[in-house]
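Step one of this worksheet: look at the structure below.
The values are calculated or read from the model by the stated rules, or taken from the named source; none is laboratory data. On a predicted model such as this, the values are computed, not experimentally measured, just so you know. Positions of Cβ are generated from backbone atoms using ideal geometry, with glycine treated the same way; all protein chains shown enter the neighbour counts. In case anyone asks, the SASA skips ligands and DNA or RNA and just uses the protein heavy atoms, side chains included. Shrake-Rupley method; radii C 1.70, N 1.55, O 1.52, S 1.80 Å.
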Amino acid sequence: MDAKRGVTFPDDHGAHLAQGIEWWYVTATLTAETGETFGAQWTLFRTQVPLPFESTWWDDQLYFAHFALQHQQKHVAFERYARAGQAHITALPFAANLDDWSLKSTGQRLLPLQMKAKQDRYAIDVSLTNSPLTLHGDNGYSQKTQSGHASYYFSYPFLETTGTLTFEGKEYKVTGNAWYDREWSASLIDKNQMGWDWFSLVSEVNDKPTAKTGLMLFCIRDAQQNYDYCSGTHIDEKGQTKPIHKQDIQLEKLEHIRIDNKHYPSKWRVTLPNMAPIVIETITKDSVNKLAIQYWEGRVKASGGFNGLGYAELFGY
């Protein structure tokens with residue numbers, strides 16, 4: 001990828017068909033009027049899948065969407081697949097949808113967004129608004145491996161979220177925070193690397209909702225499941241960023257949980273410069289999305305040098 005390209009809008013809200021993979025990714029920590037707490041994930045992926053022959057019905061692009069909700073220790077996840085025509089992405093006005101699972105701007109500007117999905121006895125219909133834009137890495141160019149794999153990566157980390165959520169057939173009015181990630185790349189990791197641990201954390205500031213701060217951490221794991229390359233971003237309340245370099249990140253797994261004969265970490269200690277150690281712990285312990293591509297995606301809480309809530313994605317265990 002070209003590190004000098006930079007990020008451009010509104011074009012980069014849309015698809016990058018020449019790149020190998022990209023996603024439009026929302027995770028949210030929500031609280032109902034009853035006081036009950038929930039997590040939500042909405043993701044649309046696009047990836048290149050070229051055929052060894054020409055076809056009038058295939059344009060080398062595969063789209064798939066994931067929708068997941070969690071409440072207490074219950075977690076559900078659903079997926080849908082499509083080719084062009086069934087999935088639609090436009091940059092201006094922004095819209096990304098697969099069937100009726102949709103993430104769309106309500107006007108000409110990106111924000112506010114309306115996010116919708118429904119499957120069986122589970123649904124979400126929420127508005128996302130009022131977050132600064134955050135560029136990770138070098139003006140959005142985010143290096144991922146020692147050998148130079150990289151992505152373009154930006155976020156809206158502090159989206160004020162309101163609407164309704166349906167869990168097991170019961171509808172709740174919810175509010176909270178959503179974190180929206182946009183990322184695209186030729187490929188994220190080397191073939192000899194197993195996967196990654198990714199965290200998005202937002203501070204808990206009950207009396208000053210506009211004073212949120214954020215922390216993103218991303219660590220690639222090698223073939224022995226050891227952390228091979230890490231990067232991160234400090235985010236202030238205005239969305240301004242301070243990169244955290246690989247040599248300044250120490251991530252240690254403290255506890256694990258066994259799910260379907262696989263061991264997933266469930267508690268970590270993070271050591272960063274000029275901060276007290278941070279402990280990150282999973283909330284809904286079994287948050288595995290048991291889909292065609294299986295991975296752990298769920299809520300986490302942080303304490304110590306950073307206090308807040310967020311999400312983790314654990315891929316490749």
> Where nothing but the Cβ of Lys and Arg (+1) and of Asp and Glu (-1) is charged, how large is the charge dipole of the range 203-264 around its Cα centre, in debye to the nearest 20?
Replying inline: 100 debye
>> Treating only the Cβ of Lys, Arg, Asp and Glu as charged (+1, +1, -1, -1), what charge dipole size does the range 36-102 show about its Cα centre? Round to the nearest 20 debye.
In response: 140 debye
>> Cut-off under 16 Å on the C-alpha distance; same-chain residues fewer than 8 positions from LYS238 excluded. Which lysines are left, in chain and number order?
In response: LYS208, LYS212
> Loop-only check: which GluC sites (Glu not before Pro) in the range 161-201 are DSSP coil with at most 13 other Cβ within 10 angstrom?
Replying inline: GLU168
> Given a 1.4 Å probe, how much area per residue of the chain is accessible, in Å²?
Replying inline: 45 Å²
> Do any chymotrypsin sites (Phe, Trp or Tyr not before Pro) in the range 29-92 lie in a loop, going by DSSP, with at most 14 other beta-carbon atoms within 10 Å of their beta carbon, and if so which?
Replying inline: PHE53, TRP57, TRP58
> Taking the Cα atoms of the range 3-92, what is the range of coordinates along each of the three principal axes, in descending order and whole Å?
Replying inline: 54, 32, 23
> Using unit Cβ charges (K, R positive; D, E negative) and no other charged atoms, how large, in debye to the nearest 20, is the dipole of the chain about its Cα centre?
Replying inline: 300 debye
>> Strictly over 28 Å apart at the Cα level, which of LYS104/LYS262; LYS262/LYS301; LYS116/LYS246 would you flag in this model?
In response: LYS104/LYS262; LYS116/LYS246
> Which whole-number percent is the relative contact order of the chain (Cα, under 8 Å, 6+ apart)?
Replying inline: 15 percent
> What residue among GLN72, MET115, SER287 has its Cα farthest toward the positive end of the dipole of the chain, where the charges are +1 on Lys, Arg and -1 on Asp, Glu, each on the Cβ?
Replying inline: GLN72
> In the range 263-311, which chymotrypsin sites (Phe, Trp or Tyr not before Pro) are in a loop and have at most 11 other Cβ atoms within 10 Å, using DSSP for the loop call?
Replying inline: none
>> Among 119-127, 255-263, how do they line up by average Cβ neighbours within 10 Å per residue, starting with the highest?
In response: 119-127, 255-263
> With each label point set 7 Å from Cα along the Cα-Cβ vector, what nm distance links SER303 and ALA18?
Replying inline: 5.0 nm
